[in-house]
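Here the structure comes first, spelled out in structure tokens, and everything after it is commentary.
Readers should treat all values here as calculations from the given coordinates under stated rules, not as data from a laboratory. All of these numbers come straight from a predicted model, not from anything done at the bench. Here the Cβ is made from the backbone with ideal geometry for all residues, glycine too, and neighbour counts use every protein chain on show.
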């Protein structure tokens, strides 16, 4: 599946908004936003997010732990790599 | 299944709470708790080693938290493996890697040793939550800048994963589309200035009204039932609410007091009010401009 980085970013933002209780999540999402400290991702949110990403992008995460990704951009990079 | 903090017995499935999730293991003795991954202690987190099946003592496993043991009902007991087999399986996997947060985590491991079935209730719960969520995105655009068609095409692709013309061959109104057991429901409406579209996975209706058009007297005749009174902007808000809930019925007979309808104004220059009738709790509103949409508000 070919998908531009911007499109991946938008879809990932949608997922994080759905996973988060914070209505400001969309505004806070930049490539450098830290998932845990800035976007308030907990381990439960992370589990939900990983499921949502797998189903949305039709990919499978390998070797993923709760601490595998530090920033929003790291997740976008991972998805982009998986889709390429 | 019930989890209780009690003295652990050989072969018990045990767990501790770490934040909002649980970490699981198999208790063999006070000196041997076998788990997939590491206890939530800084010395393990700092190493950043790939998670392996390992054995630690009960104090390390608990990491200062309460250890809960799995208690089974009479019927559930029939499903568990014999204690010695549980211990043997757990020990045989020491040093094994291949951890995966979703597909091969500590809970999968513990269940496989204890019941012979690889599953994670935490993963299943989250998956159900994701699959059963009700989504609702609303897009609106200034018709002097973008066409309704372009916005509809963008919204259907972005929120529903659909190529609206290839998959559905429609251009306005309310319609639904089913693919792989998933529904995409789309509703559109417009005035002379503004067009709006709602995309949801449950039935949805959208209504747009432009302040001052039609004039108040005409509108009252068109939409107000016998006991309905509304003036000024409130009348146009009522109009948009009725349109969103109409579903093909006459506007005069549509009740707008039921829950599930939300109304919001577009930017002042558009002079329009939009209502959406749906089951979704969360509503995301996007303004569409120049071939892209940005989140403009959150209701």
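Given the convex hull over the Cα atoms of region B:155-214, what projected area results after averaging over all orientations, in nm²? Please list the in-between numbers first.
Details: hull surface 17.4 nm².
Value for region B:155-214: 4.3 nm².
Compared with the alpha-carbon gap, the fully stretched path from residue B:18 to residue B:268 is longer by 85.2 nm at 0.36 nm per residue.
Tell me the mean residue ellipticity at 222 nm calculated for chain A from its helices only (DSSP H runs of n ≥ 4, each -39500 (n - 2.57), averaged over every residue, nearest 500).
Working: 4 runs with 46 residues, N = 84.
Value at 222 nm, helices only: -17000 deg cm²/dmol.
Of the residues A:55, A:70, A:38, the one that moves most in a GNM of chain A with alpha-carbon contacts below 10 Å is A:55. Each of residue B:295 and residue B:144 was given a label point 7 Å from its Cα along the Cα-to-Cβ line. The distance between the two points is 2.9 nm.
Taking each residue as 0.36 nm, the span from residue B:281 to residue B:131 lengthens on full extension beyond its C-alpha to C-alpha distance by 52.5 nm. Grouping the Cα pair distances of region B:59-157 into 5 Å bins from zero gives a pair-distance distribution of 2, 9, 12, 14, 14, 10, 6, 5, 5, 6, 6, 5, 4, 2, 0 percent in increasing distance order.
Once both labels are positioned 7 Å from their Cα atoms along Cα-to-Cβ, the gap between residue A:3 and residue B:75 label points is 4.1 nm.
Using helices alone, I'd like the mean residue ellipticity at 222 nm for chain B: each DSSP H run of four-plus residues gives -39500 (n - 2.57), total over residue count, nearest 500.
Values: 9 runs with 83 residues, N = 299.
Helices in chain B give a 222 nm mean residue ellipticity of -8000 deg cm²/dmol.
Axis angle, to the nearest 10 degrees, between helix B:121-132 and the longest C-alpha principal axis of chain B: 10 degrees.
Kindly put B:119, B:157, B:127 in sequence by how many other C-beta atoms sit within 10 Å of each C-beta, fewest to most. Intermediate values should be presented prior to the final figure.
On the way: B:119 12, B:157 15, B:127 18.
If I rank by nearby Cβ atoms, fewest first, I get B:119, B:157, B:127.
Against the main long axis of the alpha-carbon atoms of chain B, helix B:106-115 sits at an angle near 60°. FRET efficiency for the pair residue B:31 and residue B:96, taken as 1/(1 + (r/R0)^6) with r the Cβ-Cβ distance and R0 = 25 Å, rounds to 0.75.
Counting only Cα atoms, region B:133-298 measures 46, 33, 28 Å along its principal axes, largest extent leading. Counting neighbouring beta carbons within 10 Å and listing from fewest to most, the residues B:189, A:62 come out as A:62, B:189. Across A:47, A:16, A:39, mean-square fluctuation computed from a Gaussian network of chain A (C-alpha pairs under 10 Å connected) peaks at A:47.
If you run the Gaussian network model on chain B, springs between alpha carbon atoms under 10 Å, then out of B:257, B:20, B:240 the most flexible one is B:20. Between 0 and 90 degrees, rounded to the nearest ten: what's the tilt of helix A:43-57 against the longest Cα principal axis of chain A? Taking Cα atoms only, the helix is inclined about 30 degrees. More than 21 Å apart: what percent of Cα pairs in region A:5-83 qualify? More than 21 Å apart: 14 percent of the Cα pairs in region A:5-83.
When the Kirkwood radius is taken over all Cα pairs of chain B, what Stokes-Einstein diffusion coefficient follows at 37 °C and 0.692 mPa s, in µm²/s?
On the way: Rh = 23.3 Å.
This corresponds to a translational diffusion coefficient of 141 µm²/s.
Considering all projection directions equally, how large on average is the shadow of the alpha-carbon convex hull of region B:2-129, in square nanometres? Walk me through the numbers on the way to the answer.
On the way: hull surface 31.1 nm².
Directional mean of the projected Cα hull area for region B:2-129 stands at 7.8 nm².
Each of B:272, B:8, B:69 was scored by other Cβ atoms within 10 Å of its Cβ. Arranged with the fewest first, they read B:69, B:8, B:272.
In peptide A:41-50, what is the residue-averaged number of other protein chain Cβ atoms found within 10 Å of each Cβ? Before the final figure, lay out each step's value.
On the way: counts 0, 3, 9, 7, 3, 5, 13, 7, 2, 7.
Averaged over the peptide's residues, the number is 6.
Shown for the protein assembly as shown is the translational diffusion coefficient from the Stokes-Einstein equation, using the Kirkwood radius over Cα pairs, a temperature of 20 °C and a viscosity of 1.002 mPa s: 90 µm²/s. Where does region B:110-177 land on Rg(C-alpha)/(2.2 N^0.38 Å)? Expressed relative to 2.2 N^0.38 Å, the Cα Rg reads 1.83.
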